[in-house]
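Peer 1: Could you have a look at this structure, given as structure tokens, before my questions?
Since every read-out is calculated from the coordinates, none of them should be taken as a lab result. These numbers come from a predicted model, not from an experiment. No Cβ is skipped: glycine too gets one built from the backbone with ideal geometry, and neighbour counts run over all protein chains shown.
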Amino acid sequence: MTPSISLLPLDASLHAEALQRVYELSPAYWTMYHLAQAPAGQSARDLAAIEAEPGRMGLGIVAANEPGNPEAGAQLVGLIDLRLHWPDPDSAYIGIVLVAEPFQRQRVGSSAWALLEPWLATEGGVRDVKLGVEQFNPDALKFFQSIGFALTGEAQRIRSGKRLVRLLAMEKELEGSDLIGHPSGSDDGSE
């Protein structure tokens with residue numbers, strides 16, 4: 001059963017401990033980067049970096065402890081790190097969608113995207129979303145394809161520690177974007 005999901009703007013002073021717990025519950029993510037576990041204090045560093053960069057947002061994926069019972073509270077189960085109006089004014093760029101392992105394969109990520117996508121198209125002021133998926137992360141590739149992202153055929157190599165990592169570019173046009181049909185947005189496919 002899919003948990004009841006909401007999104008919460010994260011604040012370093014309020015949410016670093018809860019995000020660190022999400023990181024600790026995601027050992028496979030850190031293993032991909034040849035780390036035994038989430039580095040101590042990583043969430044505080046990440047949230048400080050998010051807050052320092054204009055247009056960048058850290059959204060917590062929050063799941064109700066008992067759907068239908070607001071008195072049971074909720075817990076942070078994931079993170080969406082994105083940047084609005086980058087790499088161009090009509091785009092957003094997703095840096096990461098991370099769901100803690102105990103909550104994976106329960107449609108948490110796709111439920112979070114279903115909340116975020118219409119907001120990006122209307123309030124966020126973007127017409128497309130871009131991202132890069134590590135070539136060695138087939139589960140992420142499948143996830144993004146399942147929510148409508150397509151490979152663009154472009155790739156780039158970035159340094160991660162001592163390794164070069166190949167990022168496969170993906171993109172999704174947003175339906176209902178306020179920019180479609182406006183002078184700054186093109187709805188005829190021309191650039």
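Peer 1: Considering only DSSP states other than H, G, I, E and B, which GluC sites (Glu not before Pro) in the stretch 1-71 qualify as loop sites with at most 12 other Cβ atoms within 10 Å?
Peer 2: Details: sites: E17, E24, E51, E71; in loops: none.
Those that pass, being in a loop and sparsely packed, number zero.
Peer 1: Separate question: What is the dipole size for the chain, taken about its Cα centre, with +1 at each Lys and Arg Cβ and -1 at each Asp and Glu Cβ, in debye to the nearest 20? Present the calculation step by step, with values, prior to reporting the outcome.
Peer 2: Working: 15 positive and 25 negative charges, 193 e Å.
Using Cβ point charges on Lys, Arg, Asp and Glu, the chain gives about 920 debye.
Peer 1: So what is the relative contact order of the chain, in percent, for Cα pairs below 8 Å that sit 6 or more residues apart?
Peer 2: Working: 330 pairs, mean separation 33.9, N = 191.
Over the chain, the number comes to 18 percent.
Peer 1: May I pose another question? So for the stretch 5-173, taking the charge dipole from beta-carbon charges (+1 Lys/Arg, -1 Asp/Glu), which of G161, V133, Q37 sits furthest toward the positive end?
Peer 2: G161
Peer 1: A further question follows. What Kirkwood Rh does the chain have if only Cα atoms enter the pairwise 1/r average? Answer in Å. Show your work: numbers first, answer last.
Peer 2: Numbers: mean 1/r = 0.0569 Å⁻¹.
Hydrodynamic radius (Kirkwood, Cα pairs) of the chain is 17.6 Å.
Peer 1: Out of the stretch 116-161, which chymotrypsin sites (Phe, Trp or Tyr not before Pro) are coil in DSSP terms and have no more than 14 other C-beta atoms within 10 Å? Walk me through the numbers before you get to the answer.
Peer 2: Details: sites: W119, F136, F143, F144, F149; in loops: F136, F149.
Answer in residue order: F136.
Peer 1: Name the aspartates and glutamates eligible as straight-distance cross-link partners of K162: C-alpha to C-alpha under 19 Å, and not fewer than 8 places from it in the same chain.
Peer 2: Result set, ordered by chain and number: E134.
Peer 1: Out of the chymotrypsin sites (Phe, Trp or Tyr not before Pro) in the stretch 9-112, which ones are loop residues according to DSSP with at most 15 other C-beta atoms within 10 Å?
Peer 2: Values: sites: Y23, Y29, W30, Y33, Y93, F103; in loops: Y33.
Answer in residue order: Y33.
Peer 1: Roughly how compact is the stretch 67-140, stated as its Cα Rg over 2.2 N^0.38 Å to two decimals?
Peer 2: Values: Rg = 14.3 Å, N = 74, 2.2 N^0.38 = 11.3 Å.
The reported ratio for this selection is 1.27.
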